[in-house]
Every structure is written in structure tokens, then in C-alpha cells.
1. Could you give me the radius of gyration and the Dmax of the range 1-155, taking only the C-alpha atoms into account and expressing both in angstrom?
2. What FRET efficiency, computed as 1/(1 + (r/R0)^6) with R0 = 35 Å and r the Cβ-Cβ distance, is obtained for Leu116 and Met1, rounded to the nearest 0.05?
3. For the range 116-128, just list the computed ³J(HN,Hα) in residue order, Karplus coefficients 6.51, -1.76 and 1.60, θ = phi - 60°, integers in Hz, with x standing in for Gly and Pro.
4. Based on other C-beta atoms within 10 Å, arrange Ser173, Ser327, Ser315 from fewest to most.
5. Where Rh denotes the Kirkwood radius from the mean inverse Cα pair distance, what is Rg over Rh for the range 4-89?
Amino acid sequence: MPQVIEWTNAGPDDIIYRYPNEDITWGAQLIVKEYEMAVFFRDGKAYDVFGAGRHTLTTLNLPILTSLLTRLAGFGGNKPFKATVLYVSTKVFNGKWGTRAQTTELAPLQVFGQFLFKIEDASLFVNEVVGGQNAYTTEDVNNFLRGFLNEKIIGELSHYDLVTVFTRIQETSIIVKNSVLDYFKRLGIELTDLRFEGIDTTPEYRERLFWLKTGGTPADTVLRMETVKSAAQSLGQSGGGGAGLGTGMVLIPQIMNQQGQVQAQAPTAALVICPKCGSHVPATSKFCPECGTSLTPPSAATINCPKCGHSIPASSKFCPECGATIS
């Protein structure tokens with residue numbers, strides 16, 4: 001009965017699988033399922049790659065590995081040979097990242113988020129990540145990718161001050177994504193998305209941030225800080241994506257934007273300019289508080305009708321109450 005090589009019991013989050021038996025016989029049946037690639041790996045290098053289907057291993061469909069084996073002393077066409085079969089999943093995976101960073105004023109930051117990726121070139125991925133980084137398991141691959149992203153994010157955030165980080169976090173995530181796209185491609189990986197989901201700093205810098213962002217009073221600052229603490233506690237209790245980094249982690253930009261919107265909606269008093277001294281005075285004033293000049297437009301002046309005594313506009317030619325002629 002021919003040898004059967006297959007990735008069994010593959011989980012939804014499994015990126016890579018190493019077939020345990022390295023003794024391969026000619027005529028073995030290699031089974032590759034949909035969204036999988038099988039790579040023959042030997043001496044730290046990837047050789048022949050197989051897509052979905054059932055493959056009978058012969059010298060014809062293993063040309064690169066066969067070329068290597070024929071150069072080895074004692075190789076015969078019917079003898080078993082040694083090679084590692086690595087299965088790589090080509091599905092889209094959702095990875096998580098989280099790290100500590102600093103701004104230009106050395107404000108400490110905690111940030112976390114997600115990234116979406118898939119293996120685009122199985123041979124390149126095996127050469128660069130599996131062989132190059134000794135990452136033979138899904139956990140090894142995730143740790144390597146997460147560590148690389150954290151390093152890039154720390155470097156990028158160090159170029160911004162505190163207010164910029166919190167007010168332009170979406171722009172920052174796009175910049176970071178673009179900075180790592182080419183590197184991931186050189187690893188045979190397609191980075192389809194990168195998201196910042198939460199960011200926070202220490203209470204000291206958080207208070208400074210709200211003060212600079214909203215220009216509010218100390219009482220306002222305390223109130224908004226309490227809002228942040230409540231939101232953080234809710235996230236921690238709900239077991240959200242940032243719960244593992246502590247209950248201080250919260251989506252501060254959203255809360256800040258809401259505060260800013262409320263502040264922007266507050267009505268402001270209308271002002272007029274005094275025609276004599278040029279002072280800015282409330283539009284409801286009848287006289288300038290600086291020079292005493294009347295601010296009532298001439299068209300709004302009134303007189304009393306000489307016949308009925310009713311108050312009427314000074315520009316009236318007839319009284320609207322009794323019809324008397326106004327000279």
C-alpha cells in the first residue's frame with residue numbers, strides 16, 4: 001500500500017503543518033486540499049511545490065528535488081529519500097498585535113490592533129520564514145509577524161507628538177501598513193489590512209492630552225477622564241480585544257471626538273463693532289460700553305404720534321393707529 005502524505009485535522013487558525021515522517025517513498029500519494037500548498041523542504045531550502053489535488057510522487061513531478069538527489073552519492077531511483085513536507089494554508093488569517101511605544105515628548109503609549117494576511121507565495125514563505133526564522137509552527141509564525149509589526153509601529157509612533165498620535169491614529173495606521181507592505185511581500189505574505197483598535201497613555205499625559213485637545217476647565221478634564229476610565233472598565237469586563245493589555249486601554253480618540261463635537265455645538269454670542277471707537281460689543285447692546293455711542297440703527301428710532309400719542313417709527317409719514325399726517 002503506497003504511503004499517504006496528508007494534513008489531517010487542520011484547524012481554522014492553523015497556518016502551517018509539518019508532516020512528521022521525513023522518509024518519503026517514490027509512488028507515495030500526496031493529498032493537498034483546497035486552500036493548501038505542499039512544499040518539499042530539505043537542508044533549509046524549499047524545492048517543489050504542489051497545489052490542491054492528489055499527486056503520485058515521481059521524478060517527473062519532483063524535478064527540482066530529483067536534480068538535487070541525483071547529485072548525492074548512492075541515490076537510486078527506487079530508494080526512499082529524506083525530505084520535509086510542509087503544508088501551508090492560503091486562507092486569510094486575522095492576527096493580533098499589541099505593544100508599548102513613546103511619542104516625541106516621551107509620553108508612554110499602549111497600543112493594540114489587528115492585521116489581516118495570507119500566504120501568497122508558499123515557496124518564498126517557506127524559504128524566508130520557516131527556514132530563515134526557524135518558524136515551523138503556527139505559533140512561531142504568529143510570533144514572528146507580531147514582533148515585526150510591533151517594531152515597525154514603535155518606530156512610526158516615535159515620530160509624532162501626543163496630540164498628533166491621538167487625533168491622526170487612522171492616518172498613522174495607513175502609514176505603518178504601507179511601510180511594511182513591501183517587506184511582507186518579500187516574505188511571500190500579502191498584508192491585506194492593518195488596524196489600530198485602541199490606544200492609551202498614563203493618567204498624567206491623558207490629562208494633558210484632554211486639556212490641549214478640548215481647551216476645557218480642570219473640572220471638564222476630570223469629568224472626561226472619568227468617562228475614559230468608565231469606558232476602559234467596560235472594555236476590560238467585556239473581554240474585548242484590548243482586555244489583555246489592562247483596563248486602562250480604551251479608544252480615546254472616539255471619546256475625544258465626541259467631546260469636541262459637543263463643544264463645537266455650543267452657541268457663541270454675536271458681536272457688533274462700535275461705529276465710533278471700533279470696540280467689539282454684544283449685538284444686544286443699545287449703547288457702546290466703551291464710548292457711550294448709541295448702537296440703535298436710525299431706521300429703528302421711534303417718535304410719538306402728535307395726535308394719539310402712540311409710539312411709531314420715526315420714518316413714518318402717517319400714524320398706523322389714527323392716520324394722522326406726520327410732518
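Bear in mind these aren't lab numbers, they're just calculated from the coordinates by the rules spelled out. All of these numbers come straight from a predicted model, not from anything done at the bench. Cβ sites come from the backbone with ideal geometry, for glycine too, and all protein chains shown count toward neighbours.
1. 19.1, 69
2. On the way: r = 42 Å, r/R0 = 1.19.
It comes to 0.25.
3. Computed from phi, the couplings for the range 116-128 are 10, 8, 8, 7, 9, 10, 4, 5, 5, 4, 5, 5, 7 Hz.
4. Working: Ser173 20, Ser327 5, Ser315 12.
Taking fewest neighbouring Cβ atoms as first place, the list is Ser327, Ser315, Ser173.
5. 0.96
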